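Here is the structure we will look at, set down as structure tokens.
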Amino acid sequence: MNHQPFEDWLLNDKNLTSSEKRELDLHLRTCTNCTALSATGLALRSANVITPAAGFTVRFQQRLVAQKIAERRRKLWGVMVLILGGGSLLGWFAAPYLYAFVTAPVEWLTTIIGYVLFVVTSLQALTEVMAVLFRIVPDFVPPYMWMVLISALAGFGLLWTISIWRFSRRTPQGVSA
């Protein structure tokens with residue numbers, strides 16, 4: 001048996017239509033769980049509200065302020081321990097490199113210059129290889145393949161443009177306020 005709509009109707013304090021009230025009454029006659037839930041709701045709604053003891057609100061507010069101060073203090077100490085621990089761990093791992101750099105900076109500088117020169121010469125070699133390929137490849141590919149390739153690229157570009165246009169016109173999905 002599906003209790004969900006009836007439980008929602010019993011737990012939410014909203015006005016029901018006459019057909020919903022009729023369905024709820026019929027269901028309450030046959031379902032003991034929902035009848036108990038309805039009786040509990042009636043008991044809770046009919047209970048008398050007891051006024052708090054004198055000074056309760058003042059004590060509650062003072063305790064709340066003290067708890068907030070203690071929570072701020074705990075968070076501050078936690079952040080300080082995190083920063084100190086992270087800094088010391090970083091220092092522990094970086095100490096050998098810093099020591100080597102301080103004792104022999106010329107070696108580090110020559111290594112860095114060597115890497116920069118390696119990257120520059122590699123890029124030059126790559127550009128030369130690409131230039132050679134761009135000169136040779138067009139002779140191997142027949143003209144109709146270039147037409148097919150350009151048409152495919154144009155089709156993908158059109159598909160991309162249309163999809164962006166469709167997605168930009170779509171209304172946002174999700175919870176509305």
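Read the figures in this text as sums done on the coordinates, not as results from a lab. None of the values given here were measured: they were computed from a predicted structure. Positions of Cβ are generated from backbone atoms using ideal geometry, with glycine treated the same way; all protein chains shown enter the neighbour counts.
Among (i) 8, 24, 28, 23, 12, 4, 0; (ii) 6, 10, 9, 12, 15, 16, 10, 12, 9, 1; (iii) 10, 38, 35, 12, 4, 1, only one was calculated for this model; which label is it, if the read-out is P(r) over Cα pairs in 10 Å bins from 0, in percent? So the structure-derived entry is (ii).
For the chain, what does -39500 (n - 2.57) per DSSP helix run (n ≥ 4), summed and divided by total residues, give at 222 nm, in deg cm²/dmol to the nearest 500?
Numbers: 6 runs with 147 residues, N = 177.
Helix contribution divided over all residues of the chain: -29500 deg cm²/dmol.
Here the stretch 1-34 is scanned for amide nitrogen atoms under 15 Å from the site 7 Å beyond the Cα of Ala43 along Cα-to-Cβ, giving 33-34.
A simple charge model with +1 on the Cβ of Lys and Arg, -1 on the Cβ of Asp and Glu and nothing else charged puts the dipole of the stretch 21-177 at about 1440 debye relative to its Cα centre.
When the chain is treated as a GNM with alpha-carbon contacts under 10 Å, the residue of Trp165, Trp77, Trp108 showing the greatest mean-square fluctuation is Trp165.
Simple rule: put +1 on each Lys or Arg Cβ and -1 on each Asp or Glu Cβ in the chain, find the dipole, and look at Asn15, Leu159, Ala125; the Cα lying farthest toward the positive end is Asn15.
The stretch 151-166 and the stretch 39-71 have Cα centres lying 63 Å from one another.
Positive-end ranking of Met145, Phe60, Ser88 along the dipole of the chain, with charges on Cβ about the Cα centre, is headed by Phe60.
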